[in-house]
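What follows is a single structure, written as structure tokens, with notes after it.
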Amino acid sequence: MQDACLRMIVDLGNLDKSLAIHTPGQSGQAFHQHYADMVEPWHTIEYHPILWDSKTVKGNTAKTLKLIRTYALVTE
């Protein structure tokens, strides 16, 4: 299994100009549909932007996962 590796170029003067690249195959599930999503960008050293500004994040969000705590009543 491969160790997780994230490379970042962070512009502390303007975080919106920061870039990152993640090594592929981190899930360890060779037949998962997203297993090789990052292989080509990693192979060709293509960085992606790191989104910092909340408006930029919301504008680039495809889906949202909401985790909602539920309480179970346990009686004996």
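The values are calculated or read from the model by the stated rules, or taken from the named source; none is laboratory data. As the structure is a prediction and not an experimental result, all values here were calculated from the model. Using ideal geometry, Cβ is built from the backbone for each residue, glycine included, and neighbour counts are taken over all protein chains shown. We work out accessible area using only protein heavy atoms, side chains counted, and drop any ligands, DNA or RNA first. Shrake-Rupley method; radii C 1.70, N 1.55, O 1.52, S 1.80 Å.
Which condition breaks for LYS55 when tested against (1) at pLDDT 80 or above; (2) of a type outside the set (S, T, N, Q); (3) at positive phi?
It fails just one condition, (3).
Tell me which residues, restricted to the range 3-34, are assigned to a loop (DSSP other than H, G, I, E, B), at pLDDT below 90 and not hydrophobic (A, V, I, L, M, F, W, C).
Here is the first cut: in the range 3-34, the ones assigned to a loop (DSSP other than H, G, I, E, B) are 3-5, 10-14, 18, 23-34.
Imposing the further condition that a residue be at pLDDT below 90 reduces the set to 3-5, 23-34.
Within the range 3-34, ASP3, THR23, PRO24, GLY25, GLN26, SER27, GLY28, GLN29, HIS32, GLN33, HIS34 qualify.
Does TYR47 satisfy the condition of being among the aromatic types (Phe, Trp, Tyr) and modelled with pLDDT of 90 or more? Quick ask: steps written out before the conclusion?
On the way: among the aromatic types (Phe, Trp, Tyr): yes; modelled with pLDDT of 90 or more: yes.
Here the answer is yes, as TYR47 does meet what is asked.
From the list ALA20, ALA36, exactly one residue is in contact with a strand residue (DSSP E or B) (Cβ under 6 Å, 6 or more places away or on another chain) and either small (Gly, Ala, Ser) or at negative phi (or both). Which is it?
Working: ALA36 fails: in contact with a strand residue (DSSP E or B) (Cβ under 6 Å, 6 or more places away or on another chain).
Only one candidate passes the filter, namely ALA20.
Count, please, the residues in the range 35-50 that happen to be in contact (Cβ under 8 Å) with a residue 24 or more places away in the chain, assigned to a loop (DSSP other than H, G, I, E, B) and surrounded by 10 or more Cβ atoms within 10 Å (Cβ to Cβ).
Restricting attention to the range 35-50, the residues satisfying the condition of being in contact (Cβ under 8 Å) with a residue 24 or more places away in the chain are 45-50.
Subsequent filtering for residues that are assigned to a loop (DSSP other than H, G, I, E, B) retains 45-47, 50.
If we keep only those that are surrounded by 10 or more Cβ atoms within 10 Å (Cβ to Cβ) too, we end up with 46-47, 50.
So the count comes out to 3.
Restricting attention to the range 51-64, and to residues there that are of a type in the set (D, E, K, R) and not in a helix (DSSP H, G or I), which single residue is most open to solvent (accessible area, probe 1.4 Å)?
LYS63
Go through (1) modelled with pLDDT of 90 or more; (2) part of a loop (DSSP other than H, G, I, E, B) one by one and return the number of the condition VAL74 breaks.
(1)
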